[in-house]
Structure formats: structure tokens, C-alpha cells
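Structure first, then comments.
The values are calculated or read from the model by the stated rules, or taken from the named source; none is laboratory data. These numbers were taken from a predicted model, which means no experiment stands behind them. Positions of Cβ are backbone-derived with ideal geometry, glycine not excepted, and every protein chain shown enters the neighbour counts. To get the accessible areas, we keep the full protein, side chains included, count just its heavy atoms, and leave off ligands, DNA and RNA. Shrake-Rupley method; radii C 1.70, N 1.55, O 1.52, S 1.80 Å.
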Amino acid sequence: MEGNKKYKIGIVCYPTYGGSGVVATELGIALAEKGHEVHFISYSQPFRLDVFCENTFFHEVTVPDYPLFDYTPYELNLTSKLVDVVRHEGLNLLHVHYAIPHASAAIQAKLILETYGINIPIVTTLHGTDITLLGKDKSFKPVIEYAINKSDAVTAVSDDLIKETLSHFKINRNIEMIPNFIDSNLYSHLVDEKLRNKIANNEEKILIHISNFRKVKRVKDVVKIFNKVGEKIPSKLLMIGDGPERVKAERMCRKLRISNRVKFMGKLKSVEEFLSVSDLFLLPSETESFGLVALEAMASKVAVISTNSGGLPELNIEGVTGYLSEIGNVKQMSENAIQLLSDDNKLEQFKENAFNHSQKFDLPNILPLYEYLYEKLLTNKQ
Ligand code: GMT
């Protein structure tokens, strides 16, 4: 925010392994480092909120287990918690990540707070699956639509996500595009040779995939692409993350007899060191509103082979930072990977391009967009 105005900001997010939680947490930490007071509100500590920062606070939403309820009403506990934290901590603004249940709980809390004479602006950020997957479920539609229309400001992480939102819902307001970001200070471009040598020998290339292994990530395509690449290029594959599709991917590796070249590493808090030793990032997702993980790879000088779905073309530039293919076109994705990995000069150029492009999304370029938005809402309020 311009000038020296410091605000008390509440951030509501999912604490689990996933891009929306990462964006929300890192945004909160960056705001706190600028002197704002940031209150995270969630059902457990966000997984990247592990640094000590004197201006950040965490409020846990607890959900008592009443035998009366077949389904525990988390949204009501969250709403009550928001009312409590806004009133007692004197928050100026709530920034909620994900339409449901966060935006809908925040809108309800806003109405309750009005009865205490408090007017709190709500900023909602749409991250993708709330629109592209849940939004397609008709049972959620009226709630999502209401939460978006009633928020004081709404942002989405790509132009494609704005387009999707407008095509699925009756939206009567503006949605602003604020892309995902990275803090480039966190990425070292020095390859840790010791680590690299533990993973692969000098002749081998390193491919990497990071996700929550949900169906939408098409992890079996990752294995298929790597299998084809391995027929031509000596290589290893790092699989970081965990989720419902992991077992299937492991089984496929055994069937293809490539398990000795694929390392499943599970959920890691910090992925930068593994990205820094990698050559190529694979992201064959069915949909990806932005693809934060691909941006993290690019910031580590890793080229990207992805699909052209969702917001990925706004990040991965065809023939410059990597290549993009139709969903499921394993043949083309493998051919592109082989072509790139067999030409060291070209690979180096793509890695450099990926890094240069990632700098467009560096924190100092994106943080002011959120700050400006908050400032506008808080100034209009007075
Ligand atoms: O990709 C996931 O499965 C996690 C998901 C989330 O909700 O945390 O990520 C979404 O939000 C990220 C941050 O804005 C985006 O970078 C991801 O592309 C988006 N995932 C999908 O659209 C599938």
C-alpha cells in the first residue's frame, strides 16, 4: 500500500498441500513483512506458514463433533470464527481464497457483523477448482454465484479463469486478474552438484513432476511421457507430492519396468532444491487455472512440457519456455521432451527463457496489485 498506512488483514485459506494455500500464505507473509498485521484463519496451520514473523497470527477453526449431525457444518464454525476475529482483533478487511466455503462464510459473517455496526470489506480470490470443477456441480451454483456477486472485490488468477467464471455463472460485477506469484529470492540458481549426483549420473537428464496427485493432474500421462523419453534419453523422474492417483502411477511404473528410474518422494515442504537440479517439468493436467508449480519450476530455470488447458498458455510460452499440447496427447508431449532434451544448447536457452519469463510474476510486481485493491476498498469505506 502506498504511504505508511498499516492494516489488519484476515486471510482465509485451505491449509493443505496446494497452490491456493501457498499463494494465500505467501501473500500474508509478504504483507506482514511490510508491517501489516495478518491473521490467518483456517482449520489447521497453513503448511507453508512455518516461519516466525512477528506480524502474523493464526486462528484455528475447530469443529466440535456432535453426534446430532450426520454432516459437520464447517462453514458455520468458520463464519462464527470470522465474526469473532474481526470483532476482537479489529480487522479492517477479509481476503478469502476460494469461493466455497470461504467466500460464502465471509459474506454471512459480513451480514452478522453489520448487526454490530461493523462494515468489513470482503476480497475473494478464485483459484480454479472452485469454478472449473465444483462450479460445474449444479448443487453449488447458487452459493458460488451469490458469494462472488456479493464480495466487495473479486480477483481470479488468470484471464482464462475469468472467462470460465463468466461462462458458468451469472456474474454482475467486475473480476480483476491478479496472477500467481513467486518470491524470486527463494530460488537459488546454483545447481547443488552433490544432490544432482545422488539422483542421476552426468549423462542422465532429470525430469520432475510436483502435484497433489489428483485425477485432474493426469499423473499416468507423466509416467507415459517419461517412459517414452527414457527409450531415447538416459533420464530419471522425480515425483513429488502425494494423493489419490499415486498408487496407480506406481503400479504403472512397475508394469513398464521403470521403477528403478522413478523416485516417488511424497509431500515435501520445500521443493526448490529438487527443482534447481531438474531439466524439465512435466504438467499434463486436464485443467490448471494458472499452474503455480510450473511457475516455481520456471523460477528455478526449468523448462516446461504442459498441456494447453486453462491458464497454462498465459504462463508457458510455446517454443520459448517449453511446449504445450492438447490434453492426453502423450505422443506429442514425449516428442517435444525428447527433442528438447537431446539438444543441450536449445535446452539451456529454454531454461534461461523460462527463468526470464518467471520474473514477470515476481512478488514485487504482483504484491502492489493486491495492496492497491485493499487500499481502494478501505479508502472508499471511510
Ligand atoms: O492444483 C491443485 O490441485 C491445487 C489447487 C488449489 O486449489 O490449491 O490449485 C489451484 O490454485 C492454484 C493457485 O492459484 C493454481 O496455480 C492452480 O493452477 C489451481 N489448480 C487447478 O486449477 C487444477
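So the values come out like this:
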quantity: When residues of segment 272-327 are limited to those that are of a type in the set (D, E, K, R) and within 14 Å of the ligand (Cβ to nearest atom), the one farthest from Ile182 (Cα to Cα); calculated: Glu286
quantity: Among the candidates Ser358, Ser342, residue that is surrounded by 13 or more Cβ atoms within 10 Å (Cβ to Cβ), modelled with pLDDT of 95 or more and within 16 Å of Phe226 (Cα to Cα); calculated: Ser342
quantity: Yes/no for Glu272 being among the acidic types (Asp, Glu) and in contact with a strand residue (DSSP E or B) (Cβ under 8 Å, 6 or more places away or on another chain); calculated: no
quantity: Candidates Ala24, Ala32, filtered to the one that is away from the ligand (no atom under 16 Å from the Cβ), touching a Cys at 6+ places or on another chain (Cβ under 6 Å) and in the same structural domain as Leu367 (by TED's automatic domain parsing); calculated: Ala32
quantity: Single unsatisfied condition, Gly19 versus (1) in contact with a His (Cβ under 9 Å, 6 or more places away or on another chain); (2) away from the ligand (no atom under 16 Å from the Cβ); calculated: (2)
quantity: Residue in segment 185-198 that is among the β-branched types (Val, Ile, Thr), assigned by TED's automatic domain parsing to the domain that holds Leu340 and open to solvent by 30 Å² or more (accessible area, probe 1.4 Å) present; calculated: yes
quantity: Boolean, Val247 is in contact with a Leu (Cβ under 7 Å, 6 or more places away or on another chain) and more than 16 Å from the ligand (Cβ to nearest atom); calculated: no
quantity: Gly10 vs. criteria more than 16 Å from the ligand (Cβ to nearest atom) and assigned by TED's automatic domain parsing to the domain that holds Asp65; calculated: yes
quantity: Options Glu326, Glu250, Glu296, Glu245; residue that is touching a residue at least 12 places away in the same chain (Cβ under 8 Å) and out of contact with any strand residue (DSSP E or B) (no Cβ under 9 Å at 6 or more places or on another chain); calculated: Glu245
quantity: Enumerated helices (runs of 4 or more DSSP H) restricted to segment 125-188, each holding at least 1 residues that are touching a residue at least 60 places away in the same chain (Cβ under 8 Å) and over 16 Å from Tyr98 (Cβ atoms); calculated: 159-168
quantity: Residue check, Glu250 in a helix (DSSP H, G or I), at pLDDT below 95, assigned by TED's automatic domain parsing to the domain that holds Ser325 and open to solvent by 30 Å² or more (accessible area, probe 1.4 Å); calculated: no
quantity: Pair list, Cβ under 6 Å, 6 or more apart: segment 341-353 residue closer than 18 Å to Ile317 by Cβ, other residue part of a helix (DSSP H, G or I); calculated: Leu347/Leu340
quantity: Test: residue in segment 208-228 that is away from the ligand (no atom under 16 Å from the Cβ), open to solvent by less than 30 Å² (accessible area, probe 1.4 Å) and part of a loop (DSSP other than H, G, I, E, B); calculated: no
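Yes or no, residue by residue, for (1) surrounded by 24 or more Cβ atoms within 10 Å (Cβ to Cβ); (2) of a type in the set (Gly, Ala, Ser); (3) more than 21 Å from the chain's Cα centre (by Cα):
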| site | (1), (2), (3) |
| --- | --- |
| Leu111 | no, no, yes |
| Gly128 | yes, yes, no |
| Lys141 | no, no, yes |
| Tyr146 | no, no, yes |
| Asn149 | no, no, yes |
| Ala156 | yes, yes, no |
| Glu164 | no, no, no |
| Phe169 | no, no, yes |
| Ile175 | no, no, no |
